[in-house]
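Undergrad: Here's a structure for you.
The values are calculated or read from the model by the stated rules, or taken from the named source; none is laboratory data. Just so we're clear, the structure is a prediction, and the values are computed from it rather than from any experiment. When we count neighbours, we look across all protein chains shown, and the Cβ atoms used for this are built from the backbone with ideal geometry, even at glycine. Please note that ligands, DNA and RNA were not included when accessible areas were found on the heavy atoms of the full protein model with its side chains. Shrake-Rupley method; radii C 1.70, N 1.55, O 1.52, S 1.80 Å.
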Amino acid sequence: LVNQVVSQVIQAIRSRGGSFSSLERLGAGSYYERVKISEPNEFDIMLVMPVARLQLEECDDTGAFYYLTFKRNPKEKYLLKFLDEDGKLSAFKMLQALRDIIKQEVKNIKNVEVTVKRKKAGSPAITLQIKNPPAEISVDIILTLEVQQSWPPSTQDGLKIEQWLGRKVRGEFRNKSLYLVAKQNKKEKVLRGNTWRLSFSHIEKAMMNNHGSSKTCCESDGPKCCRKGCLKLLKYLLERLKMKYTKELEKFCSYHVKTAFFHACVMWPNDTDWHLGDLDHCFQKYLEYFLDCLQKSKLPHFFIPQYNLLSPEDKVSSNFLSRQINYELNNGFPIFQE
């Protein structure tokens, strides 16, 4: 159902010509990494737009958010109308334009009821609701620029996978394109909507799907490990806790858990560290590492080490989550039984 709707929308966007005619789709997020838990009712689809060259200017100290400008006379003339008064490529303007097109196009989808959800401030996604009685499916469409140029300096010391997946794989990953998503930087004093955030969804997906230090890990005839099992458990734990304490835990999302997971894979790089039969022990090690991150309010972004995903000003929520997890851990995870 999702594929049918998304294909129709993309075809319609392309057939209009103009700015968005070169869009390609990329499934990102948990469903496509095969670590989805609970119902498959949420999907992330990146609409990837190739751009020849951009100039990136860091807009804060995270190393994750950038202003984008073009070199003189860009090939992409059709993008010039999305520049703001300072000549920066406006994520807001581009999202707005894409959103308007999608709103018009979903009206032409006959065999299923699709609507575009109201815009959430600062969100990079255009969300489609697909009626699928008795439930609804939401599809987040994320506008993504793909630039064939080297990754910015802030990523230099990230992706420390040499011991886990090897130096060669790291080199291959770093040669892949750079992705930027239209994401508002919360730290900006005035929300002008012209910042873009680096995205590594394509690399994350590749690491998830080839996660072993040996090539055959979890292949049909190869030895099985419990890496993904551990990730799914912690994702499920966070999801359940968020349902119970929505307000207190609104700062947390599955990306925190996934980032901690990649760090754990680096700390315990061998397949023998993740024997399938040792799920409970491995999960506990991974959970203790995550608790340690919460306690120190420090979880470095896996690709941009200077970017801390747990800022000290969110210490109260970190402590709260830490208390809840400790309670579950010490009482045999009652929340899983509920």
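Undergrad: Compare the peptides 325-338, 278-291 by average per-residue count of other Cβ atoms within 10 angstrom and give them in order, highest first.
TA: Top to bottom by mean Cβ count within 10 Å: 278-291, 325-338.
Undergrad: For the range 1-200, what is the per residue volume of the convex hull drawn over the alpha-carbon atoms, in cubic angstrom?
TA: 141
Undergrad: Stick to the Cα atoms of the chain, pair each with every other, and give me the Kirkwood hydrodynamic radius in Å at one decimal.
TA: About 21.5 Å, per the Kirkwood formula over Cα pairs.
Undergrad: Also, quick follow-up: Rank Ile109, Asn41, Thr155 by how far each Cα sits towards the positive end of the charge dipole of the range 1-200 (+1 on Lys, Arg Cβ; -1 on Asp, Glu Cβ) and give me just the farthest.
TA: Checked the options; the winner is Ile109.
Undergrad: With Rg and the Kirkwood Rh both taken from Cα atoms, where does Rg over Rh land for the range 230-331?
TA: Result for the range 230-331 is an Rg/Rh of 0.95.
Undergrad: Applying a 10 Å radius around every beta-carbon, put 130-136, 210-216 in order of their mean neighbour count, most first.
TA: 210-216, 130-136
Undergrad: Can you give the charge dipole size of the range 11-131 about its Cα centre, rounded to the nearest 20 debye, using +1 on the beta carbon of Lys and Arg and -1 on the beta carbon of Asp and Glu?
TA: The calculated dipole for the range 11-131 is roughly 680 debye.
Undergrad: While we're on this one: Would you mind calculating the relative contact order of the chain from Cα pairs under 8 angstrom and at least 6 residues apart, reporting the percent as a whole number?
TA: Rounded, it is 17 percent for the chain.
Undergrad: Next question, about the same structure. Mind scanning Lys160/Lys232; Lys71/Lys119; Lys93/Lys160; Lys81/Lys131 and naming the pairs with a C-alpha gap bigger than 24 Å?
TA: Lys71/Lys119; Lys93/Lys160; Lys81/Lys131
Undergrad: Of the GluC sites (Glu not before Pro) in the range 163-243, which ones lie in a loop per DSSP and count no more than 15 other C-beta atoms within 10 Å?
TA: The qualifying sites are Glu188, Glu219.
Undergrad: Evaluate the charge dipole of the range 214-336 about its Cα centre and quote only its size in Debye, nearest 20, assuming +1 on the Cβ of each Lys and Arg and -1 on the Cβ of each Asp and Glu.
TA: 320
Undergrad: Roughly what percent of Cα-Cα pairs across the range 68-129 reach past 12 Å?
TA: It works out to 73 percent of all Cα pairs.
Undergrad: If you don't mind, another one. For the range 53-99, take the convex hull of the Cα atoms, compute a quarter of its surface area, and give me that in nm², please.
TA: 3.8
Undergrad: What is the angle, in °, between the Cα long axis of helix 227-244 and the longest principal axis of the Cα atoms in the chain? Nearest 10 is fine, range 0 to 90.
TA: Between the helix axis and the principal axis of the chain, the angle is about 80 degrees.
Undergrad: Work from the charge dipole of the chain (Cβ charges, +1 for Lys and Arg, -1 for Asp and Glu, about the Cα centre) and give the residue of Ile10, Gln284, Pro269 farthest towards its positive end.
TA: Ile10
Undergrad: A follow-up question, please. Applying the Karplus parametrisation 6.51 cos²θ - 1.76 cosθ + 1.60 with θ = phi - 60° to the phi angles of the range 271-279, what ³J(HN,Hα) value in whole Hz is obtained for each residue in order, glycine and proline being reported as x?
TA: Rounded to whole hertz, the list is 4, 5, 6, 10, 3, 4, x, 9, 3.
Undergrad: Per residue of the range 312-320, in order, report the coupling 6.51 cos²θ - 1.76 cosθ + 1.60 (Karplus, θ = phi - 60°) as ³J(HN,Hα) in whole Hz, putting x for Gly and Pro.
TA: x, 5, 9, 3, 4, 5, 4, 4, 4
Undergrad: Here's something else I'd like to know. Quick check: at a probe of 1.4 Å, how many percent of the accessible area of the chain sits on carbon and sulfur atoms?
TA: Carbon and sulfur: 51 percent of the exposed surface of the chain.
Undergrad: Further question on the same structure: In debye to the nearest 20, how big a dipole does the chain give about its Cα centre with +1 on each Lys and Arg Cβ and -1 on each Asp and Glu Cβ?
TA: It works out to roughly 1020 debye.
Undergrad: While we're here: Take the alpha carbon atoms of the range 79-103, find their center, do the same for the range 260-338, and report the distance between the two centers in whole angstrom.
TA: 38
Undergrad: For the range 123-163, what is the convex hull volume of its Cα atoms per residue in Å³?
TA: Spelled out: Cα convex hull of the range 123-163, divided by residues, is 156 Å³.
Undergrad: Would you please give the residues with an amide H less than 5 Å from that of Ser213, counting only those at least 5 places away or on a separate chain, with H modeled from the backbone geometry?
TA: Close amide H contacts, sequence-distant or interchain: Asp271.
Undergrad: Still on this structure, please answer the following. Express the accessible area of the chain per residue in Å², computed with a 1.4 Å probe while the remaining protein chains stay in the model.
TA: It amounts to 50 Å² per residue over the chain.
Undergrad: What do you get when you divide the Cα radius of gyration of the range 122-260 by 2.2 N^0.38 Å, with N the number of residues?
TA: Compared with the compact-globule rule of thumb, the range 122-260 sits at 1.27.
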